[in-house]
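Heads up: the structure comes next, in structure tokens.
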Amino acid sequence: MTESNTVDVILTCFNEGKTIKRALESIKSQKSKFISKVIVIDNNSSDNSWEKILEFCEHEKNFNCFVQSKAGLPAARNMGIRKSTAKYIAFLDGDDYWMPRKIEKQVIYMERKGANFSFTDTFVERETGSAVFVCKDLPNELHAQTEFLLRYSPAIYPSTVMMRRDLLSRVGEFDEDLLRAQDTLMWLRVSVNTPMYKINCALSSRTISESSLGFDYRRKRPYVLRAISKFLADYPEFQHLERDARFSVDMHFLSKSTKTRRDLLRPENLLTVLRHPLRRSMYGLIFGL
């Protein structure tokens, strides 16, 4: 039988005053018997996020609110991890929210499977509408799932993840040197240590502003490559996959930042193509160059 109070929720926020109440409401809507406490970390927001957090949490006895100096998202998550005590940890970003019964369904699934780590599909909301993002299934074998993550760069969004707290004693905390893509490094470390189970339904929703997409993708790529380099330094048995991993990352970010042939001809995108001389013909076939 599933234990009560088995999950600590870690909600992180930075300048998300427009969406933080929605995130908090989505936590409150979960079945309370599964949640031990909610740890809300505001990363020194400069908007009205903190005021909205305090206003909401004032009458919620198991919501614990903290402000940290602006040290970045990984430091905020780590602060929440250090304050957690429950069997499982679930992450939520301040601009995302959960579907009703998300926690209940994920806990029951993990208890049934004996899983240390699980993630789900997610809804993606843009200014133009919403759609379901279906995450890729991972192989069940440890070595194979790590290879899959490196070769294909599948997205695993933190707001879909639930993991056993004691797993962190093996994989470590989020890398605070990586202001972005720290989750990429974390999931790679997890993949070496335990099977990663996917629940085939969308139990969360993430919000993306179309106006910020190009900015995001161009600036995130170096952090993803750095995360991969850090992982390969710690796990040299996967060094032979470095070239495939870099190619996968470049393809992913190129596809996200190019919508027309003119976009492809931007200098930064041409440099991306030229980084992989043996595979240029593939780009030619895809983009008709």
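The values are calculated or read from the model by the stated rules, or taken from the named source; none is laboratory data. Every value quoted in this text rests on a predicted model; they were computed, and no experiment measured them. Every residue, glycine among them, receives a Cβ derived from its backbone with ideal geometry; neighbour counts consider all protein chains shown.
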First in the stretch 73-97 and within 11 Å of SER204 (Cβ to Cβ), second anywhere and assigned to a strand (DSSP E or B) and of a type in the set (A, V, I, L, M, F, W, C), Cβ under 7 Å, 6 or more apart: ALA90/VAL7; ALA90/VAL9; ALA90/MET162; PHE91/ILE10; LEU92/VAL9; LEU92/LEU11; LEU92/TRP98
Can you find even one residue in the stretch 72-85 that is surrounded by fewer than 15 Cβ atoms within 10 Å (Cβ to Cβ), touching a strand residue (DSSP E or B) at 6+ places or on another chain (Cβ under 8 Å) and assigned by TED's automatic domain parsing to the domain that holds GLU16? yes
Only one of PHE215, PHE231, PHE238 is modelled with pLDDT under 90, among the hydrophobic types (A, V, I, L, M, F, W, C) and either within 23 Å of TYR157 (Cβ to Cβ) or surrounded by 15 or more Cβ atoms within 10 Å (Cβ to Cβ) (or both); which? PHE215
Might you let me know whether the stretch 131-142 holds any residue that is in a strand (DSSP E or B) and either in contact (Cβ under 8 Å) with a residue 12 or more places away in the chain or not assigned by TED's automatic domain parsing to the domain that holds SER84 (or both)? yes
Restricting to the stretch 41-60, give me the number of residues that are over 19 Å from MET163 (Cβ atoms) and in contact with a strand residue (DSSP E or B) (Cβ under 8 Å, 6 or more places away or on another chain). 11
Just a yes or no: is a residue in the stretch 197-211 of a type in the set (D, E, K, R), outside any helix (DSSP H, G or I), at pLDDT below 90 and touching a strand residue (DSSP E or B) at 6+ places or on another chain (Cβ under 7 Å)? yes
Residue check, SER153 surrounded by fewer than 22 Cβ atoms within 10 Å (Cβ to Cβ), in contact (Cβ under 8 Å) with a residue 60 or more places away in the chain and touching a helix residue (DSSP H, G or I) at 6+ places or on another chain (Cβ under 8 Å): yes
Filter pass, PHE14 being surrounded by fewer than 23 Cβ atoms within 10 Å (Cβ to Cβ), aromatic (Phe, Trp, Tyr) and touching a Ser or Thr at 6+ places or on another chain (Cβ under 8 Å): yes
May I ask you to list pairs of residues, at least six apart or on different chains, whose Cβ atoms are under 6 Å apart, with the first in the stretch 98-114 being modelled with pLDDT of 95 or more and the second being buried (at least 16 other Cβ atoms within 10 Å of the Cβ) and in a helix (DSSP H, G or I)? TRP98/SER26; ILE103/PHE34; GLU104/PHE34; VAL107/PHE34
